[in-house]
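A.B. asks: Starting off with a structure, shown below.
The values are calculated or read from the model by the stated rules, or taken from the named source; none is laboratory data. Computed from a predicted structure; not experimentally measured. Every residue, glycine among them, receives a Cβ derived from its backbone with ideal geometry; neighbour counts consider all protein chains shown. These accessible areas exclude ligands, DNA and RNA; they are computed on the full protein's heavy atoms, side chains included. Shrake-Rupley method; radii C 1.70, N 1.55, O 1.52, S 1.80 Å.
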Amino acid sequence: MKLRVERDVLAEAVAWAVRGLSQRPPVPVLAGVLLEASPEGLTLSAFDYEVSAKVTVDADVEEAGTVLVLGRLLADITKSLPHKPIELISEGSKVQVTCGSAKFSLQSMPTGEYPTLPANPDPTGVIAGDVFTQAVAQVSVAADRGDTLPILTGVRVEVSGNKLTLLATDRYRLAMREVMWNAGDDGAEYAALVPARTLDSLAKSLGAAGNVSLSLSGASTGSGLAGFEAGQRRMTTRLLDGDYPKVTSLFPTSVDTTAIVETAQLAEACKRVSLVAERNMPVRLRFAEDSVRIEAGTGEDAQASETFEAKIDGPELEIAFSPQFLLDGLGVVGTKYVRLGFTQPTRPAVLSGQDEIDGDADDSYRYLIMPVRFAN
């Protein structure tokens, strides 16, 4: 193999391909990135039996060939090289990396032992990259980070014709986002459970590349695989097994009190007053007389409070939340104003977006958050 490629192009491609590689792979070859040079350019592949990544970049290929080298090492090398073209040459068991006066010699690994990457299932729909990235970020924030219930570490992706619904919960909050997309089959009805961390990572990296093609048919065919593609980047991930709980019924059908608050103002106030909240202590919010008062700290401990305007409709209400859970929802709602809907201080509240203070609520995204009981 012999080729020349721009430094930034190679560094970005290697970093993207190897980002999911395990620090301790089950077999040595899975620490590698596969480089395949052909007349079409340079293709880089990485695989750990759970997630695969493949990207093709432009390169001036003089001699086609395939080599396998340590992925993270190559990523570290390429990002440290000067901004000059890089030359890659394979010679026997070595791969020579040359950039300006910098030269590296890497040990290659046997390509015959590298597993074949899974093929993407047939595409089932296309969604705008920015919409996909935002939707995934809005729901993955509510996915469980622990291992007690592995099924809750996933994002449930439901397809109903041209409507795509994403759901995630950790039992203390629930996030749901509904978006329209171009489905390959207007009558398609199925669901897939994608690991949240993987989905969040790939959404950020693929969304910037343009429209994203989703291949979710694995959920119905039994292959247990989902595929994602944007531009010259392709990824697959294994789906989680299990029956996801029927959580959408937790959203209340009506609310008694609504409060419309400027999103940034509420978020900044929550950050400030929570500085005095001890570990696992909530912040308290009182909604009354077109204002919201947010407090933290009790008794002889440090205390803080802040009051600002809000548009209130309904009876006065005082409720407490985990400050981090509240901030998570405020951080991804994506609108200038946030609408909070309440029934009782002991019942879940629903957070949704709103562009104008007197405008209509945007229910395409809803974030349900459980309140914390506090002493009167």
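A.B. asks: Since Gly218 meets every condition but one in (1) more than 19 Å from Leu330 (Cα to Cα); (2) open to solvent by less than 20 Å² (accessible area, probe 1.4 Å); (3) at pLDDT 90 or above; (4) of a type in the set (Gly, Ala, Ser), which condition does it not meet?
C.D. replies: Among (1) more than 19 Å from Leu330 (Cα to Cα); (2) open to solvent by less than 20 Å² (accessible area, probe 1.4 Å); (3) at pLDDT 90 or above; (4) of a type in the set (Gly, Ala, Ser), the lone unmet condition for Gly218 is (3).
A.B. asks: Take the residues in region 359-374 that are part of a loop (DSSP other than H, G, I, E, B) and in contact (Cβ under 8 Å) with a residue 40 or more places away in the chain; name whichever of them is least open to solvent (accessible area, probe 1.4 Å).
C.D. replies: Once the filter is applied, the top-ranked residue is Pro371.
A.B. asks: Scan region 268-304 for residues that are part of a strand (DSSP E or B) and under 33 Å from the mean Cα position of the chain (by Cα) and report the count.
C.D. replies: 10
A.B. asks: Could you check region 11-84 for strands (runs of 3 or more DSSP E) lying wholly inside it with 1 or more residues that are of a type in the set (Asp, Glu) and touching a Ser or Thr at 6+ places or on another chain (Cβ under 8 Å)?
C.D. replies: Output list reads 32-38.
A.B. asks: Would you point out the residue of region 160-176, among those that are open to solvent by 30 Å² or more (accessible area, probe 1.4 Å) and not aromatic (Phe, Trp, Tyr), that is farthest from Ser322 (Cα to Cα)?
C.D. replies: My answer is Asn162.
A.B. asks: Still on this model: How many residues, within region 288-319, are within 30 Å of Ala137 (Cβ to Cβ) and crowded, with 19+ Cβ neighbours inside 10 Å?
C.D. replies: 8
A.B. asks: Also, I was wondering about something else. Given the criterion among the β-branched types (Val, Ile, Thr), in contact (Cβ under 8 Å) with a residue 60 or more places away in the chain and crowded, with 17+ Cβ neighbours inside 10 Å, identify the matching residue among Thr43, Thr56, Thr98.
C.D. replies: From the options Thr43, Thr56, Thr98, the qualifying one is Thr56.
A.B. asks: Also, quick follow-up: Give all pairs with beta carbons closer than 6 Å in which a residue from region 223-242 that is modelled with pLDDT under 95 meets a residue that is open to solvent by less than 10 Å² (accessible area, probe 1.4 Å) and among the aromatic types (Phe, Trp, Tyr); count only pairs at least 6 apart in sequence or on separate chains.
C.D. replies: The qualifying pairs are Met235/Phe228.
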